[in-house]
1. Among the strands (runs of 3 or more DSSP E) confined wholly to segment 35-123, which include 2 or more residues that are open to solvent by 30 Å² or more (accessible area, probe 1.4 Å) and within 26 Å of residue 17 (Cβ to Cβ)?
2. Filter segment 25-34 for residues that are surrounded by fewer than 19 Cβ atoms within 10 Å (Cβ to Cβ) and not in a loop (DSSP other than H, G, I, E, B) and give the result.
3. When segment 161-170 is examined, which residues are found to be in a helix (DSSP H, G or I) and either open to solvent by 60 Å² or more (accessible area, probe 1.4 Å) or at pLDDT 90 or above (or both)?
4. Inspect all residues belonging to segment 46-66 and state whether any of them is closer than 30 Å to residue 114 by Cβ and among the acidic types (Asp, Glu).
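The values are calculated or read from the model by the stated rules, or taken from the named source; none is laboratory data. Here the structure is a predicted model, which means the values were calculated and not measured. Methodologically, a virtual Cβ is constructed for each residue, glycine included, from the backbone with ideal geometry; neighbour enumeration extends over all protein chains shown. With ligands, DNA and RNA removed, areas are computed over all heavy atoms of the protein, side chains included. Shrake-Rupley method; radii C 1.70, N 1.55, O 1.52, S 1.80 Å.
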Amino acid sequence: MVSEGGPERPAAVTHPDLAALVSVQLRSGDGPIPAALERGEPVDSADLLREERWPAYRALALDSGVRSSVTIPFRRSGLTLTLSLYSFRPGALEDAPHGPARALGDLAVTCLVRDRSYRAALTELDQLGAALRTRPVVDQACGIVMHVLGCDADAAFGVLRRVSQATQRKLSDVASAVVDTRGCGLERELVSLSD
């Protein structure tokens, strides 16, 4: 299960019965997964038949034939992944937090963090590309406003920004309108906004 601090917690399971075990824990807030998230360390139950914690989870697990479980949390860069292992035999998962399950969890959380960073970088790249594509139009509009008002570039940009905010339009859209009209007919409005 993956948690980024929000209410959505996607989970993947290898058997349909396990989905119900995850769901009952998330609904009730009681079980090995919530306990591992809270404590930040592995939470296990060597024998659910003798376990007294987590009654709803325990009943469903035993009904599914699960006798022992361990949940291992992995935290990186604001993301928490929990890996839960289940066994039909009691005491079968004692070494799980230190073996291949640890390596698998480390790899999974590292890949998820890298994927999130990659997606954030792509989003930023798209935003920078959009800004670069609109920059010439904004510069042209600033030139027109500078000519009409007889002001410097900072003041012209400030006027365009105020128009954008006042009309709730993108700065690039306002700049395009100024360039399309070449400032004709906007003199009075621009003068009133330059104050």
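1. Details: elements: 43-45, 68-76, 79-87.
Where strands (runs of 3 or more DSSP E) fall fully within segment 35-123 and carry at least 2 residues being open to solvent by 30 Å² or more (accessible area, probe 1.4 Å) and within 26 Å of residue 17 (Cβ to Cβ), they are 79-87.
2. Initial filter on segment 25-34 (surrounded by fewer than 19 Cβ atoms within 10 Å (Cβ to Cβ)): 26-30, 34.
Passing the criteria: 26, 27, 28, 34.
3. Step one: of segment 161-170, the residues in a helix (DSSP H, G or I) are 161-167.
Answer for segment 161-170, where residues must be in a helix (DSSP H, G or I) and either open to solvent by 60 Å² or more (accessible area, probe 1.4 Å) or at pLDDT 90 or above (or both): 161, 162, 165, 166, 167.
4. No, there is no match, as no residue in segment 46-66 is closer than 30 Å to residue 114 by Cβ and among the acidic types (Asp, Glu).
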